[in-house]
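The numbers here are math on the coordinates, done by the rules we state, and not lab data. Everything quoted here is computed from the prediction, not taken from an experiment. Glycine also receives a Cβ, built like all others from the backbone with ideal geometry; neighbour counts cover every protein chain displayed.
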Amino acid sequence: MEHPIKLYNTLTRQKEAFTPLNPPLVGMYVCGPTVYSNVHLGNCRTFISFDMIYRYLTHMGYKVRYVRNITDAGHLENDADSGEDKIAKKARLEQLEPMEIVQRYTLDFRNVMAQFNALPPSIEPTATGHIVEQIEMIEKILDEGLAYEVNGSVYFDVNKYNETDNYGKLSGRNIEELISGTRDLDGQGEKRSPLDFALWKKASPEHIMRWPSPWSIGFPGWHLECSVMSSKYLGEQFDIHGGGMDLKFPHHECEIAQCNAANKVEPVKYWMHTNMLTLNGKRMSKSTGNTLLPEELFTGDNDILDKGFSPTVVRFFMMQAHYASPLDFSNDALVAAEKGFNRLMEGITTLSVISPAKESTFDVNSWKESCYNAMNDDFNTPILIANLFEGIKAINSAKNDKASLTADDIELMRKTLTEFTFDVLGLKLETENSSSDKLNGVVEMLIAMRNEARATKNWALSDKIRDELAELGIQLKDGKDETGFTIN
Ligand SMILES: [Zn+2]
């Protein structure tokens, strides 16, 4: 590969050259949402970051199989295998079937992702669609002697596993510290050690999401689904596993342990984690009201915002930070991002009005090279965007005759700018939308003029407006109170 990519591997804690197991194929798994409420902005950042990574790998010629799951069962309210299933709880509170909750929030999630122009993954498997495979993996782990059954539930034996492997290798925690950090040693009930985690839980009578298994009628532990679905669709070993950094422990640590226990191989070559979002410098939290839904961001319907911002501007704002750095949302930062985004778009349009010169005063080839260098350095989108603006500066200078570009260089800049802006960063030109808004406004105005003509019985003028609009493919429809229209 002409441009080697380096990425930061959480597992080894260093930047490494990206060498896929079976090039040009790349397997990438990202932990998806638990669909029991509207997707929150922090999760959106994770999925938009991996969308950018998916897009760039594809741009570089890799054939990426991108798997992102939907958690539709088994995610309990807290990590210590207790509390209610998040989806079942919401279903109980809203008096709906759990699958109605799943359907509603899966659609909401997909809709928000589409608004952010995130490409759908290659496979979007669900936990409830893979109960059989989850039971099979538990049987394998039991056969290896690394899990045990108590009263119809099955737990992973962390201490036993740690005799031959290293539980904590991803998060950098060690087992003694973890045990001493456990607050409630008495409340473990069935577990041999507080670190053990559930692979299968026997359902209590009120637990409505339940399936038969060799051990009890119950449900799988939350960590299990990702191990099962990643190995089913990407193989026992695959290239990239991603997720938010809050999933590193215990979720991803448990995934590693389950796969090593069942399949006897290290499942993932590169672990990648995205950082968190803050809002006005503070943690987002529903309880303090310091929270913002994607929809509120688009409409401006939240006290912290002066106005709404388009999904593309929000995406651009996110891309201005490195995926592994924290990012703070605020009205002012979004306003600044909107200005920057508009400047980028104007620069790209300006390219088509520059008259070519005999010589270039701007080194387009090395500029293009630095764009690739930025992305190859652990997908550094803020550096890429800074480089794109260097290009925009040269374009604006050429427009004002303070610099010059040859026809070939203009073409190369157009190609490079559009590839990075639209294909890799996943931004969209927004003029299409605004010009259709303008057209609607013009038709509304003509309808108002026609109404005035009709009020003064000027039938010739009112018919003329109707007929000439029809000739343009715009049909007026006179209703009882007002006139509607369709544009073909
Ligand atoms: Zn997961």
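One table, with the values for the structure above:
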read-out	value
For the range 175-263, diffusion coefficient by Stokes-Einstein and Kirkwood Rh (Cα), 37 °C, 0.692 mPa s, µm²/s	219
DSSP-defined beta bridges in the chain - what % are antiparallel, rounded to 5	55
Above-threshold pairs, the threshold being 20 Å between Cα atoms, out of LYS201/LYS232; LYS15/LYS169; LYS89/LYS201; LYS6/LYS368	LYS201/LYS232
Amide proton proximity set for ILE354, modelled H, under 5 Å, gap of 5+	none
Per-residue HN-Hα couplings for the range 262-269 [Karplus 6.51, -1.76, 1.60; θ = phi - 60°; Hz; x = Gly/Pro]	7, 10, 6, 9, 6, x, 10, 7
Sequence-distant aspartates and glutamates (8 or more away, or on other chains) whose Cα lies within less than 14 Å of LYS248	ASP79
Interchain or long-range residues, amide H under 5 Å from SER360's placed H	THR406
Karplus-derived 3J(HN,Hα), 6.51/-1.76/1.60, for each residue of the range 416-424, Hz, glycine and proline x	5, 4, 5, 4, 6, 6, 8, 6, 8
The chain, relative contact order [Cα under 8 Å, separation at least 6], %	15
222 nm mean residue ellipticity, helices alone, for the chain (DSSP H n ≥ 4; -39,500 (n - 2.57); rounded to 500)	-14000 deg cm²/dmol
Distance (nanometres) between label positions extended 7 Å along Cα→Cβ at ARG283 and ILE304	1.4
3J(HN,Hα) from dihedral phi, the range 227-242, Karplus parametrisation 6.51/-1.76/1.60, rounded to Hz, x for glycine, proline	4, 5, 6, 5, 6, 5, 9, 10, x, 5, 10, 9, 7, 10, 10, x
DSSP-defined beta bridges in the range 188-326 - what % are antiparallel, rounded to 5	55
With Cα atoms, 0 to 90° folded angle of helix 431-455 axis to the chain main axis	50
Leading residue at positive end of dipole, the range 87-224 (Cβ point charges), from ASN111, TYR161, GLY181	ASN111
Given charges at beta-carbon only (K, R positive; D, E negative), |dipole| of the chain in Debye	640
Residues LEU96, LEU334, sorted so that the one with the fewest Cβ neighbours within 10 Å comes first	LEU96, LEU334
Amide H partners (placed H, <5 Å) of ASP328, local residues excluded	THR278
Rounded to the nearest 20 debye, dipole of the range 431-487 from Cβ charges on Lys, Arg, Asp, Glu	220
Charge dipole of the chain about the Cα centre (unit charges at C-beta), most positive-ward option of TYR372, PRO121, PHE341	PHE341
Burial ranking of peptide ranges 471-482, 240-251 (average Cβ count within 10 Å, highest at the top)	240-251, 471-482
D_trans [Stokes-Einstein, Kirkwood Rh over alpha-carbon pairs] for the chain, 10 °C, 1.306 mPa s, µm² s⁻¹	61
Selected from GLN14, GLY27, MET413, residue furthest toward positive end of dipole (the chain; charges at beta carbon)	MET413
Cross-link reach list, aspartates and glutamates versus LYS282, counting only Cα pairs under 17 Å and skipping chain neighbours closer than eight places	ASP246, ASP303, ASP328, ASP332
